[in-house]
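Structure first, commentary second.
The values are calculated or read from the model by the stated rules, or taken from the named source; none is laboratory data. For clarity, every value in this text was computed on a predicted model and none was experimentally measured. Because the Cβ atoms are built from the backbone with ideal geometry, glycine has one as well, and the counts that use them run over all protein chains shown. Heads up: the accessible areas ignore ligands, DNA and RNA and are worked out on the full protein's heavy atoms, side chains in. Shrake-Rupley method; radii C 1.70, N 1.55, O 1.52, S 1.80 Å.
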Amino acid sequence: MYNFDYEKAASADDAVKAAGGSDDVMFLAGGMTLIPTLKLRLTQPEKVVDVGGIGDMKGISVSGDTVTIGAATTHADVAGSDDVKKAIPALAKLASLIGDQQVRNRGTIGGSIANADPAADYPAAVVGLGATVKTNKREIAGDDFFTAMFETALEPGELITSVSFPVPEKADYQKLANPASGYAMVGVMVAKTKDGVRVGVTGAGPSAFRASAIEDALGSDFSSDAAKGVTMSSDDLNNDLHATAEYRASCISTLAARAVKAIG
Amino acid sequence: MSHAISMTVNGRSVSATVESRTLLTEFLRDNLRLTGTHVGCDTSQCGACTVHVNGKSVKSCTMLAVQCDGAEVLTIEGLANGEDLHPMQKAFNDHHGLQCGFCTPGMVMSALEVADNNSDPSDEDIAKGLAGNYCRCTGYENIYRAVKAGAKAMGS
Amino acid sequence: MAKHVGERMKRVEDGRFLTGRGTYTDDISKPGQTYAVFVRSPHAHAKIKSVNVDSALNVEGVVAVYTGADMAADGVGGLPCGWQVIGKGGTPMIEPAHPPLAVDTVRYVGDAVAVVIAETKNAAKDGAEALEVDYDVQPAVASAVKAMESGAPQVHDEVPGNVCYDWELGDKDAVDKAINDAHHVTTFDLVNNRLIPNAIEPRAAIGEYDPAGDNYTLTTTSQNPHVIRLLMCAFVLQIPEHKCRVVAPDVGGGFGSKIFHYAEEAVVTWASKKAGRPVKWTSDRSEAFLTDAHGRDHVTKAQLAMDKDGKFTALKVATVANMGAYLSTFASSIPTYLYATLLAGQYTTPVIYAEVKAVFTHTTPVDAYRGAGRPEATYVIERIVEIAAREMGMDPAEIRRKNFIQPDQFPYETPVALTYDTGNYQASLDRALELSDYANFEKRREESAKNGKLRGVGLSCYIEACGIAPSAVAGALGARAGLYEAAEVRFAPTGTVSVFTGSHSHGQGHETTFAQLTADRLGIPVENVDIVHGDTDRIPFGMGTYGSRSLAVGGSAIVKAIDKIIVKGKKIAAHMMEENADDVEFDDGVFSVKGTNKSLTIGEVAFQAYVPHNFPHDELEPGLDESAFYDPNNFTYPAGAYVCEVEVDPDTGECTVEKFTAVDDFGNLINPMIVEGQVHGGIAQGIGQALLEGCVYSDDGQLVTGSYMDYAMPRAEHIPDYNFDFTTTPCTHNPIGAKGCGEAGAIGTPAAVINALTDALRVAGVDNIEMPATPLKIWQALNANKQAAE
């Protein structure tokens, strides 16, 4: 690891100030991606600002039809939260499927979505549930958040403070894990909301996206057969050792169908 | 850049000056000479380095020492009470849940969290709880048995 | 005295491992030690135009930088291969030089070019990063089959066409005739996938030099410290062997990958004198993927001929084996003497012919990995037999029964150079079928089908040659060393016993098993026995642990030393009791004289041996300390029958192992708990090979699966319910009757899993699938077939 400056921030404002809008400063939350990247000398920040200890950025609250999760809340806390399990069980389930126990004990929702790994699980929820990402300066709609592989709408020095999820009528998350890394080769969040069906897909493309063909099919017939009957295009899907684009396309429909079946 | 840090490790207060980049695992192994915590990979997957920080299992290779300033850390060396093995350690011995012993400290630390969450864990609970720990020797079969027995012993 | 052989005794070594008190190489720090980081080639094949070490030397904390030229200037030799293979027409294999640090050419990604030695590991990494190497990149080839094509990039100038050897075994004419005359011939083309061993402890080595006595000490993660000392001293560094101590302390798993003498061991040893400081190297996992010798990597064409009743009449096998860029320590013997010689399997196939081409490629060297040759042989046989059964419309169990070597046929001489001493294959299979409820499989298949799942069952009846190896046989086959084992049994005056064994435990539990064996034979409490291993200064000699040899060979050496102790003890007891030594009997720790009430415990005899106040020195030497070398007369032949059931989700190709039944015949067991543990681990690795693990190189020799992000390891979730049992036909030629159990699981399992999987997929018209059968491959196979059908 190259050496770097480390600063522990006490508040989101402090963190943003410490970062100073610089490209050479990185926020550290759980560190589940950043620290391995630093260890392999793949990145060389001047400074790392630790936001993992900011109390205001931790915790889960439910108000009305919205579940709000502080950006520094760990996956384990989301997975184990009775509030989340009650309001959006699919979200708790998704969090319980991320990485492994040790990763869930450290990794945070803010860190996960800011990193925008195409194979991370949370992006499926951000897109599939129609979340709102709150930063130190604005609110970003879930649909607009992920812009490309490892890229988001965040500006340099902008810090996610919380993520809000509208409570769907019903939802389920299904995941086909990479046999080596455990990341999602395909992850599908199907949500039935008062505004219609949303299907968020992670792992399959360069960044999370909505499977509109499946949304349409489920909009008119919310059945697993309807989801399975959709032939997804493999254009623009990821292609690697463990999953071809065609395989991913097929699995999107299969997992959506499983989710619908699980929803019942 | 250096930082003066203090933490409690296995019930003992320790203080040191570390670089920003010093990993918890390096701090434990090199500074404190607690070499029971092992390093088996560099991509945060094998889990041989698992310790508890503030009561939760973490991969100490994926945490900076400075992040643990003020924390309570428990390593494999802190489990036994003198020569009396912790029930989970004893269960691993009883059920032949280890062979070469290299993954064992991390495996035991992860098993403790499985047991903390459930004194009667199912196979699925164990599979999920140990997904972040690789063992190349045992084929896991006896680890399942050990974790079940250890959890039961801890619960009683 | 309570008997311990056969007891599921808890392991004595567990205490230190469970409390974090194990001492692995990386746990050891030497006063004043420096840290070594190797600069490795990012290219699979390149000429080294220049190495500028100044840029690295200028980095703060860097102590020294050495290159291949520095080693060459000191007269350092190449890493040797321990086994010569003589190919067709008496042509010996070609052994290109293998310098520890590359001199003018790099031949695989990870080939070391220089070593940077620094005050800290970070400084060494900084220095390695700063070191400038100017490469002239050359075309590379990763596939052994492609490496044989004309115009393929050449790995070594002295190996035109990249073929290290072209070797054969068996009667080709007889086989061709039998195939010609056959009622049916089953053909099968397969790839035995390349694997990366992945012992969880990465390799490490610490070199130390003491100018006071001109002594070197190497502490290393080795399965066989004496072999490392011999190879490094005699061939690489030319150090007098008595001036070098090699210590292999607690070692975190080996699976073969820690048998070999690696460049890093020689470099840190040599550099410790050069730099005047201890030099420590610890591999990163990423480095381990690139530099630990890989396993398997065969491409094979096989033909099995049979008569109208399904009786095998001939087997013909042609295999291309990837050696990687250089010949690792035992590489040449794996696809020949540990592979082709096993191709008879458990069957009476009368004629067999095998042809093996070993080929250099621009990849990491390939050598023994758990099973080493025998998994590859078993996969060929047990897959082709299963396919033959399907083609002949026979039950897979029935075709095997029809062809088994029968219990009354032992000793059985196979057409491929081995003589099996004993076995009962029918018994193992019967028990496995019973335990697995094979008879009711179709009901379970129907249940799965109701849930939209495809279920399959597969058998695998493996045999292996273990207890490596009778030196005479090994020597005749080209081994450049004997393969005996050594032991010393030493009584202390107060009656406790230290057993010094040349075997090395890195998970096998020798400290327990050998203590059980010793305590019983000597009739002393097991807690009075200490097993010492892993240090060339303490143990007389040793060939180490691999090839499931420790109990059969190492244990037999201990027994032999114990027998000498008893002979000596009888003389001492006779002297003490004033009787004739011939009249003294020994049983359960007591020397007695027949027909009298005179007796002495072995503790009393041991004490007297060290307090010999009245010994007649011309007849009786003081002390009770004996050593022995045991050289086996034959291999041992563990065998067994495995039954696997899998379930496949046709939508995603996900495959789960639902049930796994293993019935093994390892001969006599000392500690069944430890034996079962060995089998569990082997099966997990076998499931890993079948479903998860596959080392992938790009065409130009970049390792695609270079970390756990891409190389899938078996995890707890992959483990099925096991059913276990043993059948027993004791080995006939060693004093323990044990055969060896370390590799069986890895040998027998892959074929069982793939037979089950292809059985599941048969309904969809899929009859073969390559390992690892990942969800993607299974889905593709099902889909290709669906498309073909449409």
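Structure notes:
- Test: residue in region C:453-464 that is touching a Gly at 6+ places or on another chain (Cβ under 7 Å), buried (at least 20 other Cβ atoms within 10 Å of the Cβ) and farther than 24 Å from residue C:753 by Cβ: no
- Among the numbered conditions (1) closer than 30 Å to residue C:291 by Cα; (2) out of contact with any Leu (no Cβ under 9 Å at 6 or more places or on another chain), the only one that residue C:676 does not meet is (1).
- Residue match in region A:219-239 (condition: assigned to a loop (DSSP other than H, G, I, E, B), within 13 Å of chain C (Cβ to nearest Cβ), over 29 Å from residue B:134 (Cα atoms) and among the β-branched types (Val, Ile, Thr)): yes
- Residue B:77 being away from chain A (no Cβ under 14 Å), under 29 Å from residue C:284 (Cβ atoms) and surrounded by fewer than 24 Cβ atoms within 10 Å (Cβ to Cβ): yes
- Within region C:135-191, the set of residues being closer than 30 Å to residue C:51 by Cα, buried (at least 18 other Cβ atoms within 10 Å of the Cβ) and small (Gly, Ala, Ser) comprises C:140, C:142, C:143, C:147, C:152.
- Looking at C:708, C:722, just one residue is touching a His at 6+ places or on another chain (Cβ under 9 Å) and either modelled with pLDDT under 95 or within 9 Å of chain B (Cβ to nearest Cβ) (or both), and that residue is C:722.
Residue-wise test of (1) in a helix (DSSP H, G or I); (2) on the phi < 0 side of the Ramachandran plot; (3) in the same structural domain as residue C:678 (by TED's automatic domain parsing); (4) touching a Leu at 6+ places or on another chain (Cβ under 6 Å).
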site: C:539; (1), (2), (3), (4): no, yes, no, no
site: C:544; (1), (2), (3), (4): no, no, no, no
site: C:553; (1), (2), (3), (4): yes, yes, no, no
site: C:560; (1), (2), (3), (4): yes, yes, no, no
site: C:566; (1), (2), (3), (4): yes, yes, no, no
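- Here region C:516-539 is the region considered, the condition is being surrounded by fewer than 22 Cβ atoms within 10 Å (Cβ to Cβ) and under 23 Å from the mean Cα position of the chain (by Cα), and the residue that is nearest to residue C:224 (Cα to Cα) is C:535.
- Of C:34, C:120, C:105, C:19, all but one fail to be open to solvent by less than 60 Å² (accessible area, probe 1.4 Å) and within 14 Å of chain B (Cβ to nearest Cβ); the exception is C:19.
- Subset of region C:287-301 [over 16 Å from residue C:750 (Cα atoms) and not basic (Lys, Arg)]: C:287, C:288, C:289, C:290, C:291, C:292, C:293, C:294
- Region B:103-119: number of residues that are more than 9 Å from chain C (Cβ to nearest Cβ) and β-branched (Val, Ile, Thr): 1
- Any chance residue C:8 is within 14 Å of chain B (Cβ to nearest Cβ), open to solvent by 60 Å² or more (accessible area, probe 1.4 Å) and over 30 Å from residue C:587 (Cα atoms): no
- Given (1) in a helix (DSSP H, G or I); (2) surrounded by fewer than 21 Cβ atoms within 10 Å (Cβ to Cβ); (3) modelled with pLDDT of 95 or more; (4) not aromatic (Phe, Trp, Tyr), index of the condition residue C:770 fails: (1)
- Extreme residue, nearest to the chain's Cα centre (by Cα), among residues of region A:25-73 that are within 14 Å of chain B (Cβ to nearest Cβ) and acidic (Asp, Glu): A:50
- Test: residue in region C:339-360 that is on the phi < 0 side of the Ramachandran plot, open to solvent by 10 Å² or more (accessible area, probe 1.4 Å) and under 22 Å from the mean Cα position of the chain (by Cα): yes
- Within region C:238-257, the set of residues being part of a helix (DSSP H, G or I) and out of contact with any strand residue (DSSP E or B) (no Cβ under 8 Å at 6 or more places or on another chain) comprises C:241, C:242.
- Any hit, region A:33-41, residues being surrounded by 15 or more Cβ atoms within 10 Å (Cβ to Cβ) and either touching a Pro at 6+ places or on another chain (Cβ under 6 Å) or assigned to a loop (DSSP other than H, G, I, E, B) (or both): yes
- Matching option when the condition is closer than 15 Å to residue C:544 by Cα and touching an Asp or Glu at 6+ places or on another chain (Cβ under 7 Å), among C:221, C:186: C:221
- In this entry, residue B:33 is excluded by the filter for residues that are within 23 Å of residue A:32 (Cα to Cα), charged (D, E, K, R) and either open to solvent by 10 Å² or more (accessible area, probe 1.4 Å) or in a loop (DSSP other than H, G, I, E, B) (or both).
- Test: residue in region C:637-658 that is over 30 Å from residue C:762 (Cα atoms) and either more than 14 Å from chain B (Cβ to nearest Cβ) or part of a strand (DSSP E or B) (or both): yes
- When B:49, B:100 are checked against the criterion of being within 25 Å of residue C:221 (Cα to Cα), facing chain C (nearest Cβ under 8 Å) and either crowded, with 24+ Cβ neighbours inside 10 Å or of a type in the set (Asp, Glu) (or both), B:100 stands alone in meeting it.
- None of C:375, C:350 is part of a helix (DSSP H, G or I) and either in contact (Cβ under 8 Å) with a residue 60 or more places away in the chain or of a type in the set (Lys, Arg) (or both) except C:375.
- Of the numbered criteria (1) out of contact with any Leu (no Cβ under 9 Å at 6 or more places or on another chain); (2) within 12 Å of chain A (Cβ to nearest Cβ); (3) polar (S, T, N, Q), the one residue B:122 fails is (2).
- Residues in region C:343-396 that are of a type in the set (A, V, I, L, M) and in contact with a Cys (Cβ under 9 Å, 6 or more places away or on another chain): C:358, C:359, C:381, C:385.
- Leading residue by the ranking (most open to solvent (accessible area, probe 1.4 Å)) among those in region C:667-696 that are in contact with a helix residue (DSSP H, G or I) (Cβ under 6 Å, 6 or more places away or on another chain) and more than 12 Å from chain B (Cβ to nearest Cβ): C:669
- Filtering region C:741-762 to residues that are open to solvent by 10 Å² or more (accessible area, probe 1.4 Å) and within 23 Å of the chain's Cα centre (by Cα) leaves C:741, C:742, C:743.
- Meets criteria (open to solvent by less than 10 Å² (accessible area, probe 1.4 Å), closer than 30 Å to residue C:258 by Cα and within 13 Å of chain A (Cβ to nearest Cβ)) for residue B:140: no
- Restricting C:157, C:166 to those that are among the acidic types (Asp, Glu) and touching a helix residue (DSSP H, G or I) at 6+ places or on another chain (Cβ under 6 Å) reduces the list to C:166.
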